[in-house]
Amino acid sequence: MAAVPEIAGALDVLRLRGDFPVLGRMVNGRPLAYLDNAASAQQPGTVIDAVAACAKTHHANVHRGVHTLSQEATALFEAAREKARRFINAASTAEIVFVRGTTEAINLVAQAHGRPRLQAGDEIVISWLEHHSNIVPWQILCQQTGALLRVVPIDRRGVVDFDSYQALLGPRTRIVALAHISNSLGTILPIRAFLDAARKRGITTLVDGAQAVPHLSVDVRALDCDFYAFSAHKMYGPTGIGVLYGRERILESMPPWQGGGDMILSVSFAGTTYNRLPHRFEAGTPNIAGAVGLGAAIDYLEAIGMEHIGLHERDLLGYATARLADLPGLAIIGTAPDKSSLVSFTVEGIHPHDLGTVLDSRGIAVRTGHHCAMPVMEYFGVPATTRASFGLYNTRAEIDALHDALLRAISLLR
């Protein structure tokens, strides 16, 4: 297993790129330029090796066996939970629930926390920026309980209107659920201010952190949120595993969302005694290797340093914004003053899907479509955008390649 590089100061990006096997690929005869990190980031060899080692030498179920392999698997699984706790500065591993990803985490909160508490006329507040995974679970909850969904508007920069948000917080507001960073526009919310306003009113808060944890240092105790959710595959880990952080006293008050093995202490036909936290919310056999891969991804990010990653990605964002601005007919959608490392744009007269196809022919991977944020597209009056999103291994040279490929696409398609 390759050693994780120790970085001081600016990132040695060319060295880091060597940690990611897929970046050596050729696509359509050209070197791959992977600019779709907001959808799913690539995995370094240390993560791939950690997942493979589970299958090769430690494959067994966790928490249930006295034999050596089960004990080893359990130790690796719970070590990953501790790494996740440390990564976001939770107070206890009891507050770290393994889930399939951010989507499942939000659904868990909606059903296990929201459904028993909400009544007809209660309100849930979200913003216009949200990913479908932070819209649909609350719509379902509203249908189940008679609660009402309130939506905070945004402006043409993609900034959430804080004054409107405060005006929406009322005596019947029970839950505020907000994205830390928009996946479609890159807007970074001043999330602490939003959370503070809700907490002063005794409102439960949830943060969708899927787009934040690969780019920012997250401290849930400093944020003082009730729930924080994120996914491993956005942060250079495997798919199918993520984390729900929940404040311990709130998790203790919640009934299980699913029933089955491992979430129980005793079962009889007369009744069941549920397990302690966090296992109460982890019914069935978990994604053990995925959790270990998540732990390896955390190790990788911490060895580099989130502050170094942030500096590098801000440079990429500034460079990409400047380079794309001179392309004929190109309009950047989302110009918030505080943005994460992505650029979402349209080109006059060219459908984003056609644009993406031409870029792919030149080895450049971007995302085209509504990015699971259809209300955002509706607000800006576009059916879709092209989104280039950057990670720690991307370079200015790849942005130059994107610029040149877009220029070619514009000459071919307009």
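Taken together, the values in this text are just the output of simple stated rules run on the coordinates, not laboratory data. Since this is a predicted model, take the numbers as computed values, not measurements. In this analysis, Cβ positions are derived from the backbone assuming ideal geometry, glycine residues included, and neighbour counts consider all displayed protein chains.
Some points to look at:
- Backbone phi angles across the stretch 10-25, fed through the Karplus curve with coefficients 6.51, -1.76 and 1.60 (θ = phi - 60°), yield HN-Hα couplings of 5, 5, 8, 5, 5, 5, 4, 4, x, 7, 10, x, 5, 6, x, 6 Hz in residue order; Gly and Pro are listed as x.
- Shape analysis of the chain yields a ratio of the Cα radius of gyration to the Kirkwood radius, Rg/Rh, of 0.98.
- In this rough spin-label picture, where each label sits 7 Å from Cα along the Cβ direction, the S253-R221 distance is 2.2 nm.
- Peptide ranges 178-191, 151-164, 17-30 listed from the most packed, as the mean C-beta count within 10 angstrom indicates: 178-191, 151-164, 17-30
- Along the stretch 239-249 the Karplus relation, 6.51 cos²θ - 1.76 cosθ + 1.60 evaluated at θ = phi - 60°, assigns HN-Hα couplings of 7, x, 8, x, 9, 10, 8, x, 4, 4, 5 Hz to successive residues, with x for each Gly and Pro.
- Within straight-line cross-link reach of K339, lysines at Cα separation under 29 Å, skipping those fewer than 8 residues along the same chain: K83, K200, K234
- Relative contact order [Cα under 8 Å, 6+ residues apart], the stretch 106-223, whole percent: 25
- Ranked packing of 276-288, 55-67, 259-271, most packed first, by mean Cβ within 10 Å: 276-288, 55-67, 259-271
- Taking every DSSP bridge with both residues inside the stretch 49-302, close to 50 percent are antiparallel.
- Overall dimensions of the stretch 118-200, expressed as equivalent-ellipsoid semi-axes from the Cα gyration tensor (√(5λ), whole Å, largest first), are 21, 15, 10.
- Amide hydrogen neighbours beyond the local backbone of I264, cut-off 5 Å, H modeled: N275
- Fraction of antiparallel bridges per DSSP, the stretch 66-189 only, in percent to nearest 5: 20
- In order along the stretch 112-129, the phi-based Karplus estimate (6.51 cos²θ - 1.76 cosθ + 1.60, θ = phi - 60°) of 3J(HN,Hα) comes to 8, 9, x, 4, x, 9, 7, 10, 4, x, 5, 10, 10, 10, 10, 10, 5, 7 Hz; Gly and Pro are listed as x.
- Spherically averaged projected area of the stretch 335-382 from its Cα convex hull (nm²): 4.1
- Taking every alpha-carbon pair under 8 Å whose residues sit at least 6 apart, the chain reaches a relative contact order of 23 percent.
- Mean Kyte hydropathy of 0.5 or more with a Cα span along the axis of at least 24 Å, helices from DSSP in the chain: 288-304, 396-413
- Summing Cβ point charges (Lys, Arg +1; Asp, Glu -1) relative to the Cα centre of the stretch 49-302 gives a dipole of roughly 360 debye.
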